[in-house]
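Trainee: Questions regarding the structure given below will be posed in turn.
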Amino acid sequence: MMKTISGFSKMSKNQKIEWLATQLDPEAAGLVMGLNDFWHQDEELQKKFDEFSENTLTNFDLPFGIAPNFLINGSVYSVPMVIEESSVVAAASLGAKFWLERGGFEARVISTKKVGQVHFLWSGDKKNLEAFFELHKNDFINSVSFITGNMEKRGGGIVDLSLVDMTDKLKNYYQLKVTCETKDAMGANFINSILEEMAQVLKRKAQSCDFFESQEKDLQVIMCILSNYTPDCLVECWVECPIEDLGTFANEMSAMEFAKRFAIAVKIAEVDRSRAVTHNKGIMNGIDAVVLATGNDFRAIEACAHAWASRDGEYKSLSTVTLTEETFKFSIIIPLAVGTVGGLTSLHPLARTSLAILNNPSAPELMQIMAAVGLAQNFGAVKSLVTTGIQKGHMKLHLLNILNQLNATEAQVDAAKDYFSDKVISYTSVRNFLKVH
């Protein structure tokens, strides 16, 4: 059983590793003692990586790849993707190439607003609180001008402030809802700083309000925090072409049959939650890989995307298909709160490299790129499902992972690639193949 420890965060990395190793069986301890093999040789670079997190022991590497040929709004991008699943990059790349020949992706940013809330409890006559808010609304906004000044110079800042009555959900519960424009920054620290300062002003104003009853002066701020649900930070992306231009598919499937099967597959993800989760996971496979590559917060983006998929009370597909007699259109509308300045986007060398590869996009441009990659990934996955099936391509790409697990030689890898080019791949079949080769 692992022992408790005090002062762990003050230890050096080597001390942390050595302590952890003493708590484990010999095999696990040996693995832990080898963690320094993954340190960067550049000590300054390693120090920077250590400071990104807490109680850092080593680095965890993920493949950094590129999906080329993304034609988005008339410009071609090679998109950096950080992910451990090769089929994701392959599907995105194939989707990009498919639509490159059919006009590419179109995208537009609908809105880039983000929200934070001061959550507080207050008991009294609601009309008194509403009057208090209207009286001091400008005071609340002006009180944070020392925080918002630089953002306002860039065209951002507070765009709305409202009082939200939540007492039907929780007794005495209200919010100050602050809506912000943060331009190319994700803006979490900016918004949270605004909220915490505004909360102090809210409490002071309540305590000195002349028309509040004594109990109404006791306003309790519970917490101040931005919301990762950003339904007003939206991007739309779509591809469209004449159905006949879709071409032909496996098993001599016609363009029209493919379009109809594809539309039904997406419709299933609109009406069946079980399918919708996997369908949307495929979209986020592509988006998350770009989010990671550019140093953005994939956890926040994931949480928001899935909340958005449930906005009507049922969890549904994030993508939609529109078919006419002649035209196929595949589209997505999704909230993506991202930044291209500040935080890891500026500090992480590979995040900076990713943004440079993308020609240093603005945050709205990056939203459009991410949406296009998610749509391409989704198109590739659904295309496989309604034609050849998902496993054929997936397991072909997974073959190398199995061979590496089984310690295959270079000659065996080459032979296995040739042998399994037209056969079903499984761990057992690959292991049996290696026994005789």
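The values are calculated or read from the model by the stated rules, or taken from the named source; none is laboratory data. The shown structure was predicted, so the numbers you read here are calculated from the model rather than taken from an experiment. Note that we place each Cβ from the backbone using ideal geometry, even for glycine, and neighbour counts take in every protein chain shown.
Trainee: Given the conditions (1) over 18 Å from Ser78 (Cα atoms); (2) buried (at least 24 other Cβ atoms within 10 Å of the Cβ); (3) not aromatic (Phe, Trp, Tyr), which single one is not true for Gly374?
Mentor: (1)
Trainee: Among the residues of segment 137-156, are any of a type in the set (Phe, Trp, Tyr), farther than 15 Å from Leu226 by Cα, in a helix (DSSP H, G or I) and in contact (Cβ under 8 Å) with a residue 40 or more places away in the chain?
Mentor: yes
Trainee: I'm checking my understanding of the structure. Among residues of segment 300-331 that are closer than 19 Å to Gly286 by Cβ, assigned to a loop (DSSP other than H, G, I, E, B) and not charged (D, E, K, R), which one is farthest from the chain's Cα centre (by Cα)?
Mentor: Taking the candidates together, the pick is Ser317.
Trainee: Six or more apart or on different chains, Cβ atoms under 7 Å: show the pairs whose first residue is in segment 157-173 and assigned by TED's automatic domain parsing to the domain that holds Ser193 and among the charged types (D, E, K, R) and whose second is in a strand (DSSP E or B) and modelled with pLDDT of 95 or more.
Mentor: Asp160/Thr179; Asp165/Tyr174
Trainee: Name every residue in segment 161-171 that is surrounded by 13 or more Cβ atoms within 10 Å (Cβ to Cβ) and not aliphatic (A, V, I, L, M), in order of residue number.
Mentor: Within segment 161-171, Thr167 is the sole residue that qualifies.
Trainee: Could you please find all residues in segment 114-137 being in contact with a strand residue (DSSP E or B) (Cβ under 9 Å, 6 or more places away or on another chain) and surrounded by fewer than 18 Cβ atoms within 10 Å (Cβ to Cβ)?
Mentor: Leu121, Lys126, Glu130, Phe133, Glu134, Lys137 - these are the residues of segment 114-137 that are in contact with a strand residue (DSSP E or B) (Cβ under 9 Å, 6 or more places away or on another chain) and surrounded by fewer than 18 Cβ atoms within 10 Å (Cβ to Cβ).
Yes or no, residue by residue, for (1) in the same structural domain as Ser346 (by TED's automatic domain parsing); (2) farther than 29 Å from Leu292 by Cα; (3) more than 30 Å from the chain's Cα centre (by Cα); (4) β-branched (Val, Ile, Thr):
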position: Gln15; (1), (2), (3), (4): no, yes, yes, no
position: Leu20; (1), (2), (3), (4): no, no, yes, no
position: Glu27; (1), (2), (3), (4): no, yes, yes, no
position: Leu31; (1), (2), (3), (4): no, no, yes, no
position: Leu35; (1), (2), (3), (4): no, no, no, no
position: Phe49; (1), (2), (3), (4): no, no, no, no
position: Phe52; (1), (2), (3), (4): no, no, no, no
position: Thr56; (1), (2), (3), (4): no, no, no, yes
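Trainee: Please go through segment 31-77 and give me each residue that is in a loop (DSSP other than H, G, I, E, B), of a type in the set (A, V, I, L, M) and free of Cβ contacts under 8 Å to residues at least 40 places away in the same chain, ordered by number.
Mentor: none
Trainee: Return the only residue of Ile141, Ile83, Ile72, Ile147 being surrounded by 17 or more Cβ atoms within 10 Å (Cβ to Cβ), at pLDDT 95 or above, more than 30 Å from His348 (Cβ to Cβ) and of a type in the set (Val, Ile, Thr).
Mentor: Ile141
Trainee: Could you tell me whether segment 70-79 includes any residue that is within 22 Å of the chain's Cα centre (by Cα) and within 30 Å of Met198 (Cα to Cα)?
Mentor: Within segment 70-79, none of the residues are within 22 Å of the chain's Cα centre (by Cα) and within 30 Å of Met198 (Cα to Cα).
Trainee: Now a separate question. When you scan segment 81-102, do you find a residue that is assigned by TED's automatic domain parsing to the domain that holds Thr294, in a strand (DSSP E or B) and in contact (Cβ under 8 Å) with a residue 40 or more places away in the chain, even just one?
Mentor: yes
Trainee: May I pose another question? Of the residues that make up segment 279-288, is at least one surrounded by fewer than 18 Cβ atoms within 10 Å (Cβ to Cβ) and either farther than 28 Å from Val115 by Cβ or in the same structural domain as Gln368 (by TED's automatic domain parsing) (or both)?
Mentor: Yes, that holds for at least one residue.
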